[in-house]
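The values are calculated or read from the model by the stated rules, or taken from the named source; none is laboratory data. Note that the coordinates shown come from a computational prediction; the quantities given were computed from them, not determined experimentally. Methodologically, a virtual Cβ is constructed for each residue, glycine included, from the backbone with ideal geometry; neighbour enumeration extends over all protein chains shown. For accessibility, only protein heavy atoms count, side chains too; no ligands or nucleic acids. Shrake-Rupley method; radii C 1.70, N 1.55, O 1.52, S 1.80 Å.
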Amino acid sequence: MRGRQRFRTALASAAAVLLCAGAVAGCDTAGTGAAAPAPKAKPKPRPAVVWDRSPASLAAVGDSITRAFDACTVLADCPEASWATGTDAAVNSLALRLLGPERAARHSWNLARTGARMAELPGQMERAAASAPELVTVMMGANDACRDRTELMTPVEEFRTSFASALTTLRAGAPKAQVYVSSVPDLRRLWSTGRVSPMGREVWKLGICASMLADPLDASPAAERRRALVRDRVVAYNTVLKEVCARDARCRYDGGAVFDFRFGGAQLSPWDWFHPSRDGQARLAEIAHRQVTAPEPPA
């Protein structure tokens, strides 16, 4: 009898365990009143964002460089020579390389403005998002450092706030758009190259980027400190571009490629010896195309 009783008790316990396994809650296998924990669902892995190296449309935002200011005629924009969206075959813009002539004419938009600073970028991004581009190019920041005096340069944290706001604005209207961010050029290198031109020095007297270009032949300690301060600010701006872009899975920073590029006399405008010439625009297009079509994000 005792053996049968033990057998019945074991059988009842086993049945309780089996019933408990299928219960949602409230089952007590040990007689203590504690409910068995519900199994936890395994989180699904988030799919990796794959960079599209062949986007089908392009919007460009930025300043005078993207408008190709002084690339064709004196003191005038020349958007057909723009590194980003231009139609000039000699420049072979990023849009021409990615889309071809016919599609570039219908599916690329140059929304940059000569003289723009980073505070204007959120508005430009809002207009870019309205066209639902697959790629947005950004080249902005030179004018934040190019001021009449170094005291007027955009503070780094204001620069950061405006750039972060610009990406947020783009995401609100075009959440899947890819973004290529160019580094700000090394303004001190442009000064070093252009100061050898008598014509360039005369044009600079009109006030072009005075924080860097004023008194271009002045080698005094004060002048050198001023130029170093501007260069340091550009370096800080590029750090901001890199850090903010890194937080967006669909954003690529150029890794400092434009900042590191050694513009020579042939790459500078023959009218102001500061803005890129057509040849300089072509070099910028080459850099951008190399970065956008790279299989992995640039280092």
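Numbers below:
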quantity: Among residues of the range 243-274, those that are assigned to a loop (DSSP other than H, G, I, E, B), open to solvent by 20 Å² or more (accessible area, probe 1.4 Å) and either closer than 18 Å to Glu80 by Cβ or of a type in the set (Ser, Thr, Tyr) (or both), counted; calculated: 2
quantity: Pairs, first touching a residue at least 24 places away in the same chain (Cβ under 8 Å) and charged (D, E, K, R) in the range 216-242, second in a helix (DSSP H, G or I) and open to solvent by 60 Å² or more (accessible area, probe 1.4 Å), C-beta under 8 Å, six or more apart; calculated: Arg227/Arg188; Arg231/Arg188
quantity: Among residues of the range 161-177, those that are in a loop (DSSP other than H, G, I, E, B) and touching an Asp or Glu at 6+ places or on another chain (Cβ under 6 Å), counted; calculated: 0
quantity: Some residue of the range 140-152 being under 19 Å from Val258 (Cβ atoms), open to solvent by less than 10 Å² (accessible area, probe 1.4 Å) and in contact with a strand residue (DSSP E or B) (Cβ under 8 Å, 6 or more places away or on another chain); calculated: yes
quantity: Entirely in the range 178-226, the helices (runs of 4 or more DSSP H) that have 2 or more residues that are closer than 29 Å to Met125 by Cβ; calculated: 187-194, 210-213
quantity: Neighbours by Cβ (under 8 Å, 6+ apart or cross-chain): first from the range 132-145, under 15 Å from Ala166 (Cα atoms) and touching a residue at least 40 places away in the same chain (Cβ under 8 Å); second open to solvent by 10 Å² or more (accessible area, probe 1.4 Å) and β-branched (Val, Ile, Thr); calculated: Met139/Ile65
quantity: Only one of Ala128, Ala84 that is part of a loop (DSSP other than H, G, I, E, B) and surrounded by 23 or more Cβ atoms within 10 Å (Cβ to Cβ); calculated: Ala84
quantity: Conditions (1) in contact (Cβ under 8 Å) with a residue 12 or more places away in the chain; (2) of a type in the set (D, E, K, R); (3) open to solvent by 10 Å² or more (accessible area, probe 1.4 Å): number failed by Lys205; calculated: (1)
